[in-house]
Amino acid sequence: MRQKTLFIFGAGASKADRAPLQNELFSGIFKLLEGVKNYQDIQLNQAFIQELKDFLYKLYPINEEPKNNIIYPTFEEVMGLIHFAIIRDESFMGVHYKNLSGYLDSLITLIANILDKKLKKAPGINKKFIMYLYESFKRKQKSIDDNEVINEFINQNLFLNVNYDILLDSALYKLVKKFKKGVDYCEEIHNPYPQKKKIRLFKPHGSLNWLLCKSCGKFILGGERKIAMSYYNPISTNSDPNIQCDFCETILSPLIVPPSFFKELHNKLIRNVLINLENHLKEVENLVFIGYSFPEADLHLKYLFKKAQLLGGFRKILLINKKDKDKKKEDKPYYYNVKRSFPGVDLIDLTYEIPLPNGLEEDSIEAIVEKISEKLF
Ligand SMILES: [Zn+2]
């Protein structure tokens, strides 16, 4: 029977904790390469910077534009072009194809570095939201036994996060650790899925707290530690990563699916996450989109949601996003992308019912959770 709720956290949810949005990431990377102050304390090797600069400015000579006229390319476009060249087994003039996958790795290294740096002093908005959500859920339960309440919370609420950062992960760990429970990333296939009594968090684009041995398949979970940085930090200083699998001694790899129109979803772990998400979606009745605009670049997710919808449908969809006083909600992607994907489903946009303009932010959490609780719990 469908009765569960899936919370979908997009870049806007991490933005609340000061993570850059996708479209800000690329300007962030150019600023980082140019040594702009804000990013100066990220350790980067000069040869690494120069190589990446040469490559990016070859494809996008924006350094020749007047300073006030620069429009940065999107991440999806740059990654998409590199992917496309790799798939077609071709080079760009002056950029040999054998170097292309190295540039992909370098760009992801920079994203990881920027996220790592920017989120060191995260104000804890994700944590506060999860705590309030749980407390509000608890107030609506008949039982007053803490263990029963957390089990019911875990059973009824699933989480999907398209971000690489571990803001939501840390928030969920903080909640469940009090009850001696963990987070289940659903990276293994079970049929039927066991009641592990762990809170389920799907990360279909990978996570900075994951490392994987691509030789023996061992998966290492860093919990609240961004263990993937032990792979990325050496790359940015032009040395080789030295993190070995303790079983087969192969160098471990991170698992980050770059933002691109051609997402590589072949990795076994990512495939498992998507298969498990598809299976769990059959039990989901309500969707809550937080800071996520359901873009076309995430067609693989649109596909799974469409299949689930045809199998019985969703009852309610709640939207929480940033207000834009110059635009009607009907003209905002977060609204119309969802509206046109789920015709006939009760779509409740809470964005304009929240007193503050930025969606998820410190002083609006209470109001947001109250609205969610009113509609769902
Ligand atoms: Zn191994």
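Would you confirm, using the coordinates I've provided, whether P234 is of a type outside the set (S, T, Y) and more than 16 Å from the ligand (Cβ to nearest atom)?
Yes.
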*Only one residue in I243, I235 is surrounded by 15 or more Cβ atoms within 10 Å (Cβ to Cβ), in contact with a Leu (Cβ under 6 Å, 6 or more places away or on another chain) and not assigned by TED's automatic domain parsing to the domain that holds M79, so which one is that?*
I243
_Suppose we keep only residues that are charged (D, E, K, R) and crowded, with 21+ Cβ neighbours inside 10 Å within the range 195-231. Which one would you say is farthest from the ligand (Cβ to nearest atom)?_
R200
_Restricting to the range 162-183, name every residue that is of a type in the set (D, E, K, R) and either assigned to a helix (DSSP H, G or I) or crowded, with 20+ Cβ neighbours inside 10 Å (or both)._
D165, D169, K174, K177
*Scope the range 239-275; condition within 16 Å of the ligand (Cβ to nearest atom), among the polar types (S, T, N, Q) and closer than 18 Å to S207 by Cβ; matching residues*: S253, N267
*Would you tally the residues in the range 223-278 being under 25 Å from G182 (Cα atoms), in contact with a His (Cβ under 9 Å, 6 or more places away or on another chain) and among the polar types (S, T, N, Q)?*
1
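The values are calculated or read from the model by the stated rules, or taken from the named source; none is laboratory data. Computed from a predicted structure; not experimentally measured. Note that we place each Cβ from the backbone using ideal geometry, even for glycine, and neighbour counts take in every protein chain shown.
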